[in-house]
Amino acid sequence: LKAALNWLKKYPKAQLFPARWTDTHDPFMKWGEPDGASNDPEQIKVWFSQFRMEHVYFCTAFKKSGLVLVDVDVKKGRDGEKTLRALEGQHGALPETLWATTPSNGSHLYFKGACKGGVDRLGEGVDIPFMAPVPGSHVKGKGVYKIEKTAPIPELPQWVIDIAGKAKEKDPGEQQPALVPRDDPDAIKLAVKYLEGAAPEAIEGNAGDPTTLEVARKLHDLG
């Protein structure tokens, strides 16, 4: 709760929603456009009280918040730091910003703006996620998203947008699903790659239902 309220003081436009850790960030509610997330501190307190026994923490819905997170991953053989260093060598260093480290020793770098999201969006190990725990969160079963540097949040550099792709402009007449935006071709490619390669097989009578749910959550994270 303290982490969520401190985050709203620093960035009042941040749209938050409650979640718990079940081998993935598991929302308690629909949080995508146009549902769910809130920047009202009183609503955050209500959710905390409601889900406290479930070890609740809060995540930022980045698109609704006008924020982009550059997630530098260094787990499971992915060297996002090497990828980012190479990108900065070509395009210039990212500006100083709020920096948090993840429980797996990765880095979360915050920027204002918009671009396309997804796994390896800027190259291997450098993701643009759609949501993540607020800086300072303690996620039971995973660890702490520790704030390493506090700084004003700058605009997302243009070279990041050029590589990741521009965020899709919403057509006022277009009907959007409540939970997430319509799948774009890049998200579909990532999903197919995951399903054909890394996704566990769901076997009836051998924890098939939980496995199916795990795969569905992973597809949600991929966008």
> Which condition does Ala114 not pass, out of (1) small (Gly, Ala, Ser); (2) out of contact with any helix residue (DSSP H, G or I) (no Cβ under 8 Å at 6 or more places or on another chain); (3) modelled with pLDDT of 95 or more; (4) open to solvent by 40 Å² or more (accessible area, probe 1.4 Å), if it passes all the others?
Replying inline: (2)
> Taking the stated definitions as given, is Gln15 at pLDDT 95 or above and more than 20 Å from the chain's Cα centre (by Cα)?
Replying inline: no
> Filtering the stretch 15-39 down to residues that are assigned to a loop (DSSP other than H, G, I, E, B), free of Cβ contacts under 8 Å to residues at least 60 places away in the same chain and under 15 Å from Val134 (Cα atoms), which residue is most open to solvent (accessible area, probe 1.4 Å)?
Replying inline: Asn39
> Residue check: is Asp120 under 13 Å from the mean Cα position of the chain (by Cα), open to solvent by 10 Å² or more (accessible area, probe 1.4 Å) and at positive phi?
Replying inline: yes
> Quick check: is even one residue across the stretch 58-81 surrounded by fewer than 16 Cβ atoms within 10 Å (Cβ to Cβ), free of Cβ contacts under 8 Å to residues at least 40 places away in the same chain and assigned to a helix (DSSP H, G or I)?
Replying inline: no
> What are the residues in the stretch 93-106 that are in a loop (DSSP other than H, G, I, E, B) and open to solvent by less than 30 Å² (accessible area, probe 1.4 Å), if any?
Replying inline: Leu94, Thr97, Leu98, Thr102, Gly106
>> Checking Lys116 against (1) in contact with a Gly (Cβ under 6 Å, 6 or more places away or on another chain); (2) basic (Lys, Arg); (3) within 18 Å of Tyr11 (Cβ to Cβ), only one condition comes out false. Which one?
In response: (3)
> Could you say whether any residue in the stretch 183-206 is of a type in the set (S, T, N, Q), assigned to a loop (DSSP other than H, G, I, E, B) and modelled with pLDDT of 85 or more?
Replying inline: no
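The values are calculated or read from the model by the stated rules, or taken from the named source; none is laboratory data. A quick note: this is a predicted structure, and the numbers were derived from the prediction, not measured. Cβ sites come from the backbone with ideal geometry, for glycine too, and all protein chains shown count toward neighbours. Calculation scope for accessible area: heavy atoms of the full protein, side chains included, ligands and nucleic acids excluded. Shrake-Rupley method; radii C 1.70, N 1.55, O 1.52, S 1.80 Å.
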